[in-house]
Amino acid sequence: MKIVAVTACPTGIAHTYMAAEALENAAKKLGHKIKVETQGSIGIENKITQKEVDEADLVIFAADVAVKEESRFKDKPIYKVEAQKAIKNAKAVIEEALKFVNK
């Protein structure tokens, strides 16, 4: 499964990057490919390309604020969750998102 994710929090510092790392580690352990874009205090980093969006099976937003340029993902299944939930149990977030997509 190819996953793209966006993480963001109000201050755009710790939780943004903690959620990104947690999702990357969990996806790897579950055998999925993932690219995580962070939208932090210094702007968008590791930006997801349109090609990556097109190839993705699933989009995860682990964000406590509005995702910038959300329209890029309009034709994809989007699973939204709070950043803190991704930090605490990214494996469960990915598993829940996969169930959401496979309905």
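Across segment 1-67, C-alpha contacts under 8 Å between residues 6 or more apart give a mean separation that, scaled by the residue count, equals a relative contact order of 49 percent. For segment 1-68, trypsin sites (Lys or Arg not before Pro) are listed when DSSP marks them as loop and at most 15 other Cβ atoms sit within 10 Å of their Cβ; the list is Lys47, Lys68. Multiplying the residue separation of Asn46 and Gln84 by 0.36 nm and subtracting their alpha-carbon distance yields 11.6 nm. The fraction of Cα-Cα pairs per 5 angstrom bin, counted from 0 for the chain, comes to 3, 14, 29, 27, 20, 7, 1, 0 percent, rounded to whole percents.
Residue-wise HN-Hα couplings along segment 49-62, as the Karplus relation 6.51 cos²θ - 1.76 cosθ + 1.60 with θ = phi - 60° gives them from phi, are 7, 5, 4, 5, 4, 4, 7, 6, 8, 8, 10, 10, 10, 9 Hz; Gly and Pro carry x. In order along segment 11-27, the Karplus-derived 3J(HN,Hα) couplings, from 6.51 cos²θ - 1.76 cosθ + 1.60 at θ = phi - 60°, round to 8, x, 10, 4, 5, 4, 7, 5, 5, 4, 5, 4, 5, 4, 5, 5, 4 Hz, and Gly and Pro are given as x.
Rolling a 1.4 Å probe over the heavy atoms of the protein chains gives the chain an accessible area of 55 Å² per residue.
The values are calculated or read from the model by the stated rules, or taken from the named source; none is laboratory data. Since the model is a prediction, treat every value here as computed from it, not as a measurement. Positions of Cβ are generated from backbone atoms using ideal geometry, with glycine treated the same way; all protein chains shown enter the neighbour counts. Side chains included, ligands, DNA and RNA excluded: accessible areas come from the protein's heavy atoms. Shrake-Rupley method; radii C 1.70, N 1.55, O 1.52, S 1.80 Å.
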